[in-house]
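Notes to accompany the following structure.
Throughout, read-outs are computed from the coordinates displayed, never taken from laboratory work. Just so you know, these numbers come straight off a predicted model, no measurement behind them. Ideal geometry is used to build each Cβ from the backbone, glycine not excepted, and the neighbour counts take in all protein chains shown.
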Amino acid sequence: MTNYNFPAIYLRAALGIGYVWLVADRIGLLGAYGQPHISWGDWEHFMVLSRDTMSFLPPALVTPLAIIASVAEGVFGIMLLLGLFTRLAAYGSGLLTLAFAISMTISRGFDSPIGYSVFTVSAASFLLACVPTYKWSIDALIAKRS
C-alpha cells in the first residue's frame, strides 16, 4: 500500500482518543468508580494500580511518576488528535507505553501487558512515527506554509 493517509489518520485518532480517554477516566471526568465502562473513576483508584504496577520502585517515586505519565499521556493524546508535532508525540507515546509494558511485566508477568495490548499500542505509536507525512494535521498546514 502506498497511500497511507487513511491508516495514518485512523491510527492518530485511535491512539489520541485512547490516551485522552484514559486520563479523563483517572481524573473522574467519565464517571465514578464502579459505574459501567469506568476503570478508575478517580485518582485514588488509579493510584492503586500505579502502586501495583510500580511495586519494584521506591514508594516515593510512584506518585510523581504517575503524575508525569498522566500528563504525558494527555499531552501526547491531544498532540496526536490535532496532528501537532505528530512524530514527536508518536515517539514519546511509544516510549511511554513501552515503559508501562515493561513495568507491568516486572510487576505482574508477561501476560498482563499482552492481555491489555500495551505492547501493541507502543508498537502502533512507533509505527505512526515512521509515516513520512501527516495529511489532515496541523503539521501538514505548517509544512504547506513553509
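Below are the figures for this structure:
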read-out	value
With Cα atoms, 0 to 90° folded angle of helix 59-82 axis to the chain main axis	30
Crossing angle, helix 5-26 versus the chain [Cα axis fit, 0-90 degrees, rounded to tens]	30
Inter-site label distance for TRP136 and ILE78 at 7 Å from Cα along Cβ, in nm	2.2
Protection-proxy order for peptides 99-106, 33-40, each taking the mean of Cβ atoms within 10 Å per residue, highest first	99-106, 33-40
Most to least packed among 87-97, 59-69, 123-133 [average Cβ atoms within 10 Å]	87-97, 123-133, 59-69
Residues listed by number, the range 75-101, amide nitrogen under 14 Å from LEU61 label point at 7 Å toward C-beta	99-100
Helix axis angle, 86-108 relative to the chain longest principal axis, alpha carbon, degrees	30
Rounded FRET efficiency, nearest 0.05, which uses the C-beta distance separating HIS37 from ALA123 and R0 of 25 Å	0.45
Assigned charges on the beta-carbon of Lys, Arg, Asp, Glu; the chain dipole about Cα centre (debye)	540
Residue-averaged 222 nm ellipticity for the chain, from DSSP H runs of 4+ at -39500 (n - 2.57), nearest 500	-23500 deg cm²/dmol
Average Cα contact separation per residue, the range 5-145, under 8 Å, 6 or more apart, as relative contact order %	27
For the range 1-31 versus the range 100-132, the gap between their alpha-carbon centres in whole angstrom	15
